[in-house]
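What follows is a set of notes on a single structure, which appears directly below.
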Amino acid sequence: IGLPLYQYQGSWCHAKGIEAALSLQNHFHACDSDVILVTTPKSGTTWLKALAFAILYRHKYTFSQNPLLTDNPHDLVPFFEFKLYANNQLPNLSDLPSPRLFATHIPYSWLPESINNSKCKIVYLCRNPRDTLVSYWHFTNKARPEALGPLSLENGLDLFCKGITGFGPFWDHALGYWNKNLERPQKVLFLKYEDLKKDIKYQLKRLAEFMGCPFTMEEEKNGVIDEISRLCSFQRLSSLEVNKSGKSIDYFENRTLFRKGEVGDWMNYLTSPMVEQLDEVMEEKLSGSGLTFDMYPQL
Ligand code: A3P
C-alpha cells in the first residue's frame, strides 16, 4: 500500500502496524466469548467479516435493518491494528456488541497472551497463493501513492516469493494458524476462500457451529443460511453505495476491496515461469505441513 515495511520478529509490517500490535499485546484482555477473524491481506477479509457478523448477530436485526445492507464490513468488525489500537490510541471497547467480534492480519506469534489463554475463538481464512498474489498486486497498485509509480507484476511476485508482503511471509502466516488448528481445533477454525466459493452453505454451518451459534433445523428450513450467503455475496456487497464511494480504513477507498472475487483469476496474469517460481517457493515452505490449496474454479 505504499508504506515501507519493516521486519519484526520474522514478519513484515508497516511501522504503525507493529506499534499497534505491541499496544494490543500490552493492553488487550480477551473475553471467553470473543471471536477473532484473521487473514493475510487479500484473502477475503471483507467477506469473512460480513459472514461472521451476519451469523453471530442474526437474532439482533430483522433483514431490512441489517447493518450489512448499508455499512462496510470493516466499519462493523474493527481491525485491531488499523482501527482499535492504531495511532497510539487505547480504544474504548465497552460499546461493542456482545459477543465481541474483532479482526486482524497479525501473525499468530504476535497475538496477546490473553487470546491464547482465554477460551476466545479464532477463525482463520486462507486463500491460494496465486490468487492472493494477483489480488495483492492489484490492490497495491490501486492504493499506493502515484509518486511511487506502478509496481510491476514481476517485482510483486519477487517480493511475494521473498516473503515481503504486509504481515508476510504468506507461508509463515498461514502455517502459524494452520498448526494451531491442528493442535487446538476448538480454538482455531481454518477456512479456505476456495471452499467458501465451492460450498458456502456447508462452510457457513461450520462457521456458525464453531462460533457457538449453530443454525437450527428451522433456520435452515426457512432459508436463513441462503439469505446470509446472499447478503454477503460479492455482488451484494460491491454494489452498496458505501462500497462504491466510501472510505473505511485510512489508507484506501472501499471500492478497492472489491475487484473480481473469483477463484483462478491468476490464470489471466501469471505466465508459466511465474507460476513455477511461486510454486517452487510454496512447495518448499509448505512441504510436510499438509496445507494444500485449490487453484482452479469449480465448474
Ligand atoms: P480479488 O482481487 O481477487 O477480486 P480482502 O477482503 O482480504 O482485502 O480481500 C480482497 C479480495 O476478496 C478481492 O479479491 C475481492 O474482490 C474479494 N472479495 C471481496 N468481497 C468478496 C465477497 N463478498 N465474496 C468473494 N470475494 C470477495
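The values are calculated or read from the model by the stated rules, or taken from the named source; none is laboratory data. The structure displayed is predicted, hence computed values, not measured ones. Cβ: placed from backbone, ideal geometry, glycine included. Neighbour counts: every protein chain shown.
Scanning region 176-192 for residues that are assigned to a loop (DSSP other than H, G, I, E, B) and touching a helix residue (DSSP H, G or I) at 6+ places or on another chain (Cβ under 7 Å) returns a single hit, Lys187. For region 108-158, taking the residues that are among the aromatic types (Phe, Trp, Tyr) and more than 10 Å from the ligand (Cβ to nearest atom), the one that is nearest to Thr292 (Cα to Cα) is identified as Tyr124. In this structure, is Ser233 at pLDDT 95 or above, under 16 Å from the mean Cα position of the chain (by Cα), of a type outside the set (D, E, K, R) and near the ligand (Cβ under 10 Å from one of its atoms)? When the stated conditions are applied, Ser233 passes them.
Among the residues making up region 162-175, those that are in a helix (DSSP H, G or I) and either surrounded by fewer than 21 Cβ atoms within 10 Å (Cβ to Cβ) or at positive phi (or both) are Lys162, Trp171, Asp172, Leu175.
Of Ser94, Ser98, all but one fail to be away from the ligand (no atom under 16 Å from the Cβ), at pLDDT below 95 and farther than 22 Å from Ala208 by Cα; the exception is Ser94. Considering only residues that are over 16 Å from the mean Cα position of the chain (by Cα) and small (Gly, Ala, Ser), look in region 236-266 and name the one that is farthest from the ligand (Cβ to nearest atom). For region 236-266, the residue satisfying everything is Ser245. Of all residues in region 195-230, those satisfying the criterion of being within 11 Å of the ligand (Cβ to nearest atom) and basic (Lys, Arg) are Lys197, Arg230. All conditions in (1) in contact (Cβ under 8 Å) with a residue 12 or more places away in the chain; (2) surrounded by 17 or more Cβ atoms within 10 Å (Cβ to Cβ); (3) among the hydrophobic types (A, V, I, L, M, F, W, C) hold for Leu148, with the sole exception of (2). Taking region 1-41 as the range and being part of a helix (DSSP H, G or I) and either surrounded by fewer than 24 Cβ atoms within 10 Å (Cβ to Cβ) or away from the ligand (no atom under 16 Å from the Cβ) (or both) as the test, the residues that pass are Ala15, Lys16, Ile18, Glu19, Ala20, Ala21, Leu22, Ser23, Leu24, Gln25, Asn26, His27.
Scanning region 60-79 for residues that are away from the ligand (no atom under 16 Å from the Cβ), not polar (S, T, N, Q) and not in a helix (DSSP H, G or I) yields Lys60, Tyr61.
I'm checking my understanding of the structure. Among residues of region 42-62 that are aromatic (Phe, Trp, Tyr) and over 23 Å from Phe258 (Cα atoms), which one is surrounded by the fewest Cβ atoms within 10 Å (Cβ to Cβ)? This residue is Tyr61.
Among residues of region 192-208 being aliphatic (A, V, I, L, M) and under 22 Å from Gly290 (Cα atoms), the one that is surrounded by the fewest Cβ atoms within 10 Å (Cβ to Cβ) is Leu196. Residues considered: Val224, Val263, Val188. Of these, the only one that is in contact with an Asp or Glu (Cβ under 8 Å, 6 or more places away or on another chain) and among the β-branched types (Val, Ile, Thr) is Val263. What pairs come out if I take residues in region 43-59 that are over 22 Å from Phe252 (Cβ atoms) and assigned to a helix (DSSP H, G or I) and pair them with residues that are more than 12 Å from the ligand (Cβ to nearest atom) and small (Gly, Ala, Ser) whose C-beta lies under 6 Å away, six or more apart or interchain? Sorted first by the residue in region 43-59, then by its partner, the pairs are Ile55/Ala208.
Within region 267-297, the only residue that satisfies the criterion of being over 23 Å from Leu125 (Cβ atoms), in contact (Cβ under 8 Å) with a residue 12 or more places away in the chain and touching a Cys at 6+ places or on another chain (Cβ under 9 Å) is Gln277.
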